[in-house]
Amino acid sequence: MALLTFVNAIPLNARDVVSPPITVPNAQTIWAVGTQQTVTWDTSNIPPDSQLTQPNGKIVLGWLSDDSENLQIDTPLAQGFPLRAGSAQITIPNVPPRNNYIVVLFGDSGNASPEFTIVAAGSSTPPAPASPSPSTLITDPPTAPLTTSSSADSPQPSVEDGAHVPPVQNAAGPSSSSPVSSSSSSTSPSGSAAATTPSPNAALSSKHLGLSTIFMAALTGLALVLNL
């Protein structure tokens, strides 16, 4: 009983659980396979080792996909270093190029870095995002060019020499009392027939002929009356 009372009387130091923020790698980091790199973290809030549950750390590589960190717990990049050191050297393993890698710093608590990129050995170019399969690409059908034509490009009807061309009538229409006379037509240089109009002299000759016919009919009637 006395021994148990003595043990209980010894004060226990408080233990802290820390998660120091990782500063390198970050979102701009690009590391190549096989190169030596340095992982760093902020130690400003790390208490003395006597207050740490686990003063030594371990760095593990992983990548984010489908809400999983895919941590390579069995093959840590570094381990056994003091958390208060603030950095640790690692060698980038032979892993496929990705732009969603993370490192997790284990000590008192796991702490993940931002996503960063690992490229193939000897390369500094980040992997390109996956492009859609050619079979899934949708293209618009080709559009035929629109063409316009003016009246100047359209063929104009032409009248061959000697062909009959109907006379052009007035807007008011032809008069029943006006005689129709023929007139010559002229052909323009472009090959189209010119409009024809009746001659005034021909109209007067027809009028005189009509008066003469009426006068002769009257004389003939008068002679018949006298003979009776």
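We did not get these values from a lab; they are worked out from the coordinates using the rules stated. Here the structure is a predicted model, which is why all the values come from computation and not from measurement. Virtual Cβ from ideal backbone geometry, glycine too; neighbours counted across all protein chains shown.
Tabulated results
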| read-out | value |
| --- | --- |
| Segment GLN72-ASN45, extension gain: residue separation times 0.36 nm, minus the distance between their alpha carbons | 7.0 nm |
| Distance between modelled label sites at THR125 and ALA112, nm, 7 Å Cα→Cβ extension | 3.0 nm |
